[in-house]
Protein chains: 2
Amino acid sequence: MISDTAKKKLREIFGKVSILDSTEDRIAYSYDGTPLLSSLPELIAIPASVDQLSQLMKLANEEKFSIVPRGSGSGLSGGSIPSENSVVLLMNRWDKVIELDKNNLTAWVEPGVITGKFQSFVESQGLFYPPDPGSSQICTLGGNVAENAGGLRGLKYGVTKNYVLGFEVVLPNGDVMRIGGKNMKDVAGYNLKDVLIGSEGTLGIFTKILLKLIPLPKASKTLLAFYDSIAGAAETVSAITAARISPAMLEFLDNPTIRAVEDFTHLGLDTNTGAILLVEVDGPRSAVEEDSAAIEAICRKSGAKSVRVARDEAESTKLKAARKSAFTALARIRPTTILEDATVPRSELTTMVNFINGTAKKHDIQIGTFGHAGDGNLHPTGLTDERDKAEIKRTEDAFEEIFRKAVDLGGTITGEHGVGLAKRKFLESLYDTPFIKLMRTTKEMLDPNFVLNPGKIISVSPRCEGALPKSREQIERITAKMDNPSEAYF
Amino acid sequence: MISDTAKKKLREIFGKVSILDSTEDRIAYSYDGTPLLSSLPELIAIPASVDQLSQLMKLANEEKFSIVPRGSGSGLSGGSIPSENSVVLLMNRWDKVIELDKNNLTAWVEPGVITGKFQSFVESQGLFYPPDPGSSQICTLGGNVAENAGGLRGLKYGVTKNYVLGFEVVLPNGDVMRIGGKNMKDVAGYNLKDVLIGSEGTLGIFTKILLKLIPLPKASKTLLAFYDSIAGAAETVSAITAARISPAMLEFLDNPTIRAVEDFTHLGLDTNTGAILLVEVDGPRSAVEEDSAAIEAICRKSGAKSVRVARDEAESTKLKAARKSAFTALARIRPTTILEDATVPRSELTTMVNFINGTAKKHDIQIGTFGHAGDGNLHPTGLTDERDKAEIKRTEDAFEEIFRKAVDLGGTITGEHGVGLAKRKFLESLYDTPFIKLMRTTKEMLDPNFVLNPGKIISVSPRCEGALPKSREQIERITAKMDNPSEAYF
């Protein structure tokens, strides 16, 4: 419980209207994009200044409550699920682009700016912000930085961290730190910037972010290639690499995903297709023509039954829609969708996809797989129903095997979604002891009282073991009690 | 002094022939590429295994001596200058390329591999390792990772850290940690990899490094543009950016540097030229032709007196030689060459170069400036004589003003050379208190007894203040005593 003194002080810091504590609000912020996990916060705070955040951190250390920062809540690893005694911090109203510097190709943004809106804005200025997470239309740049979000253009352009030049951050002790700048090279001191990036809201709260932009490619072209089997698609990926071409996107859908997508989009995809590759090349116009012709030939040589090349922007958007709708399309099939991101070295693509399919069969569950073939970042997606405990158990068992296999193949348990709560146990069981130990001391160094998003990434026992997520059932019990607000909810 | 017990144990760990302690050897490893700094180590160790390194770290913690890792010793910020009671660790015999994985475009290397040799090797396989520090023919990959080396291709391709996927590292407590892998996306846990990169040998010793490669560009073209003044060159840089072209190199030489280079190379450069820009574009053949034609036009429009376009590889190599010989050419003018790397946002290039020239004049010293115009990474190079104390003082005063100005312009005190000993005082005086504090706690977290390269980047007072570098004079006194080996040298 957050003490009454602390609550009073919180209202003094933020003002009464910026602290929410109604049951409706608490429920609204009890979950994020991650299935199966939820937990009620005690309060929700809407900060208006860096100084308020600094005061909040200090108060949390004094009064021993925890703070869970939140952007759009679209995360898929439980990174913004409230912990015990927590205040959820809503950063999504910090949504201004503060500066666009066309000479240095940089932008200062607030953390609540929607990624897709920012992309469109800079593209209208002839500039390009390549990181492109699947949730770009709803997620925030601050969330992307906190999770080091990946996306569709990782192969050629890298991920979010490659575009973060600096930031202002409020540290768990309340210190406000500015780090980085508009320099394309900077080795002055330890690179603490890149530890905070991807720290999943556990080491600091970003208040301003300096992003690197690049010139917008002059042209692009999209192809869709259809294969009888995964093997042909994987062979194409290798052959494209061997031909020294770096596509902007090299995406993959398996048969269950293709069927779901066709059912949802009516794009006219052949539902007997074993696998589809979506390839986009971009760059100077002549290079784009050269590369797309070469890729078309490679696809056919590697066994593609057919290849569709977009004739124009409109058709390209339509072809990309097939890939981009994969998650939504799969989510329509069953009530609960568990979207994972087991990732392997590119050479292990076929082995991994075959293993996923075998594991789904073995445990009698449904998994559709799609993802970023070019960088080995797969999204095996479990289609299940959280009310069916037995099936959920089988699904969890299957994913445990999948993560173990990914690590055995030299891969990782998460390519772009983060560890959060959802994969904490895998991180702690699958990785090297010195690495885990050092992660723990890093957290302790920056946040000795575990006030900031405790229990995410690594356990912070014993103090925060109670902060394990509660089941949705608990929320339902709470919801049922809503007519009787005088009762204590926890 | 390292105790006799410790020395005995060191000989047990490494074997007698792998511990050097003659005065000649100690002098040979008392300095690196940095002028004005040197200090004698007590011993030099040549490790043969990871286990030896782990034992060494543990012994250093027990016996309280320090360890200074060293590659080729080509660093320019004093990062491998021995500290008090130190053992210099020679990593340059670890020079094997362990694996080249053409499917995943990765290579496992040992830290002592020479960067230029590695570049040539992967290029012979159709692959590309872009980081290209000026010292590529002599520096090691391990040194590059420790310093997060930059180089000539930073603008388009980034720096060393963008190509390090993982490593095996011996931590200051003797733990051996493996981190990273062949995954192009990996967000499993805190990004501690990128803190170790660029930690200048103060947080760990790399024993194996996994590098990312990319396909070798199919073509490239080199241009040299001659201007009356810096302003025209700077305008060209802005116009190239505005035209959405990302050259692989965009390098700059000022008039004092041009004169020195011409005197050294006899390339036929007009020594009345105010500034030269060297531009290289690479990529698919058609794009290279398109971009180089566009850049030539931009150069002329921005006031270039003339533009030389290389007709072939041989001429391109010759043009690049002008830029690559800058340091050597300048170093011939006076006995002592202080090569710095004040870096500013690209838009501040003209302001910074003019300030450097003004400051040189004000303090009556000689500075030639060249560097990476595309990423604002300048190399003002002080030409002086360490025997002339008054001139050295004026040079140091001038550089202090130059670093302050760089920081005032939103720049940094070091773009690619590192802080080491040479810029420690600037780091501590010019940056934010929370950032400095956090750097210090990071060092303490990983190396509580300050055994690994103490005193570099940040002071570790009071224990290691005595580890300040000693002057070259001291070495000379020692050298003079070499005929009388029975005397104690320290």
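The values are calculated or read from the model by the stated rules, or taken from the named source; none is laboratory data. Since this is a predicted model, take the numbers as computed values, not measurements. Backbone-built Cβ (ideal geometry, glycine too); neighbour counts: all protein chains shown. All accessible areas refer to the heavy atoms of the entire protein, side chains included, with ligands and DNA or RNA removed. Shrake-Rupley method; radii C 1.70, N 1.55, O 1.52, S 1.80 Å.
Within the set B:Thr257, B:Thr273, B:Thr328, the sole residue that is among the hydroxyl-bearing types (Ser, Thr, Tyr) and surrounded by fewer than 19 Cβ atoms within 10 Å (Cβ to Cβ) turns out to be B:Thr328. Within the range B:185-193, the presence of a residue that is in contact (Cβ under 8 Å) with a residue 60 or more places away in the chain, open to solvent by 10 Å² or more (accessible area, probe 1.4 Å) and either within 7 Å of chain A (Cβ to nearest Cβ) or not in a loop (DSSP other than H, G, I, E, B) (or both) is excluded. With respect to (1) more than 14 Å from every other protein chain (Cβ to nearest Cβ); (2) assigned to a helix (DSSP H, G or I); (3) out of contact with any Phe, Trp or Tyr (no Cβ under 9 Å at 6 or more places or on another chain), the lone exception for A:Gly143 is condition (1). Any chance the range B:170-183 includes a residue that's part of a loop (DSSP other than H, G, I, E, B), surrounded by fewer than 23 Cβ atoms within 10 Å (Cβ to Cβ), touching a Gly at 6+ places or on another chain (Cβ under 8 Å) and more than 7 Å from chain A (Cβ to nearest Cβ)? There is no residue in the range B:170-183 that is part of a loop (DSSP other than H, G, I, E, B), surrounded by fewer than 23 Cβ atoms within 10 Å (Cβ to Cβ), touching a Gly at 6+ places or on another chain (Cβ under 8 Å) and more than 7 Å from chain A (Cβ to nearest Cβ). Residues considered: B:Ser286, B:Ser306. Of these, the only one that is closer than 21 Å to A:Lys218 by Cα and either without any contact (Cβ under 8 Å) to a residue 40 or more places away in the chain or out of contact with any Ser or Thr (no Cβ under 8 Å at 6 or more places or on another chain) (or both) is B:Ser286. Taking first residues from the range B:92-105 that are farther than 15 Å from B:Lys208 by Cα and without any contact (Cβ under 8 Å) to a residue 12 or more places away in the chain and partners that are open to solvent by 70 Å² or more (accessible area, probe 1.4 Å) and hydrophobic (A, V, I, L, M, F, W, C), the Cβ contacts under 9 Å between residues at least 6 apart in sequence or on separate chains come to B:Asn103/A:Ala242.
Table: residues versus (1) touching a Lys or Arg at 6+ places or on another chain (Cβ under 8 Å); (2) open to solvent by less than 10 Å² (accessible area, probe 1.4 Å); (3) within 11 Å of another protein chain (Cβ to nearest Cβ).
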position	(1), (2), (3)
A:Leu100	no, no, no
A:Phe121	no, no, no
A:Ser124	no, no, no
A:Pro130	yes, yes, no
A:Gly151	no, yes, yes
A:Lys161	no, no, yes
A:Leu165	yes, no, yes
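Which fully enclosed helices (runs of 4 or more DSSP H) of the range A:346-432 have 1 or more residues being within 13 Å of chain B (Cβ to nearest Cβ) and aromatic (Phe, Trp, Tyr)? Hits in the range A:346-432: A:389-408, A:424-430. Just so you know, in the range A:102-125 the residues that are among the polar types (S, T, N, Q) and closer than 18 Å to A:Gly166 by Cα include one that is modelled with the lowest pLDDT, and it is A:Asn103. Only one of the listed residues (B:Ala304, B:Ala294) is touching a helix residue (DSSP H, G or I) at 6+ places or on another chain (Cβ under 9 Å) and part of a loop (DSSP other than H, G, I, E, B). That residue is B:Ala304. Taking the numbered list (1) away from chain A (no Cβ under 11 Å); (2) open to solvent by 10 Å² or more (accessible area, probe 1.4 Å); (3) not basic (Lys, Arg) in turn, B:Thr222 passes all entries but (2). Return yes when A:Glu416 is modelled with pLDDT of 95 or more, touching a Phe, Trp or Tyr at 6+ places or on another chain (Cβ under 8 Å) and either open to solvent by 30 Å² or more (accessible area, probe 1.4 Å) or not polar (S, T, N, Q) (or both) and no when it is not. For A:Glu416, the condition - modelled with pLDDT of 95 or more, touching a Phe, Trp or Tyr at 6+ places or on another chain (Cβ under 8 Å) and either open to solvent by 30 Å² or more (accessible area, probe 1.4 Å) or not polar (S, T, N, Q) (or both) - is not met. Just one residue in the set B:Gly116, B:Gly134 is away from every other protein chain (no Cβ under 11 Å) and either in contact with a Cys (Cβ under 9 Å, 6 or more places away or on another chain) or within 14 Å of B:Leu210 (Cβ to Cβ) (or both); that residue is B:Gly116. For the range A:376-408, a residue qualifies if it is touching a Pro at 6+ places or on another chain (Cβ under 7 Å) and more than 14 Å from A:Lys361 (Cα to Cα), and the qualifying residues are A:Gly376, A:Asp385, A:Glu386. Listed conditions (1) in contact with a Cys (Cβ under 6 Å, 6 or more places away or on another chain); (2) within 8 Å of chain B (Cβ to nearest Cβ) are all met by A:Arg244, apart from (1). The numbered conditions (1) more than 11 Å from chain A (Cβ to nearest Cβ); (2) modelled with pLDDT under 95; (3) within 29 Å of the chain's Cα centre (by Cα) are all true for B:Thr236 except (2). For the range A:240-261, filtering for residues that are part of a loop (DSSP other than H, G, I, E, B) and within 23 Å of the chain's Cα centre (by Cα) leaves 2. Only one residue in A:Glu24, A:Glu84, A:Glu12 is modelled with pLDDT under 95, open to solvent by 40 Å² or more (accessible area, probe 1.4 Å) and of a type in the set (D, E, K, R), so which one is that? Step by step, each of A:Glu24, A:Glu84, A:Glu12 is checked, and only A:Glu84 is modelled with pLDDT under 95, open to solvent by 40 Å² or more (accessible area, probe 1.4 Å) and of a type in the set (D, E, K, R). Pull up the range B:194-219, narrow it to residues that are in a strand (DSSP E or B) and not hydrophobic (A, V, I, L, M, F, W, C), then point me to the one that is nearest to the other protein chains (Cβ to nearest Cβ). Among them, the one singled out is B:Pro215.
Taking first residues from the range A:321-336 that are without any contact (Cβ under 8 Å) to a residue 60 or more places away in the chain and partners that are surrounded by fewer than 18 Cβ atoms within 10 Å (Cβ to Cβ) and assigned to a loop (DSSP other than H, G, I, E, B), the Cβ contacts under 6 Å between residues at least 6 apart in sequence or on separate chains come to A:Arg334/A:Asp385; A:Pro335/A:Asp385.
Each residue in the range B:273-292 was checked for being hydrophobic (A, V, I, L, M, F, W, C) and more than 14 Å from chain A (Cβ to nearest Cβ), and 5 pass.
For the range A:118-156, the tally of residues that are within 23 Å of A:Thr328 (Cα to Cα) and of a type in the set (D, E, K, R) stands at 3.
Results for (1) open to solvent by 10 Å² or more (accessible area, probe 1.4 Å); (2) among the basic types (Lys, Arg); (3) free of Cβ contacts under 8 Å to residues at least 40 places away in the same chain; (4) at positive phi, shown as yes or no for each residue.
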| position | (1), (2), (3), (4) |
| --- | --- |
| A:Leu339 | yes, no, no, no |
| A:Ala342 | no, no, no, no |
| A:Arg346 | yes, yes, no, no |
| A:Thr351 | yes, no, no, no |
| A:Asn357 | yes, no, no, no |
| A:Lys362 | yes, yes, yes, no |
| A:Gly371 | no, no, no, yes |
| A:Asp375 | no, no, no, no |
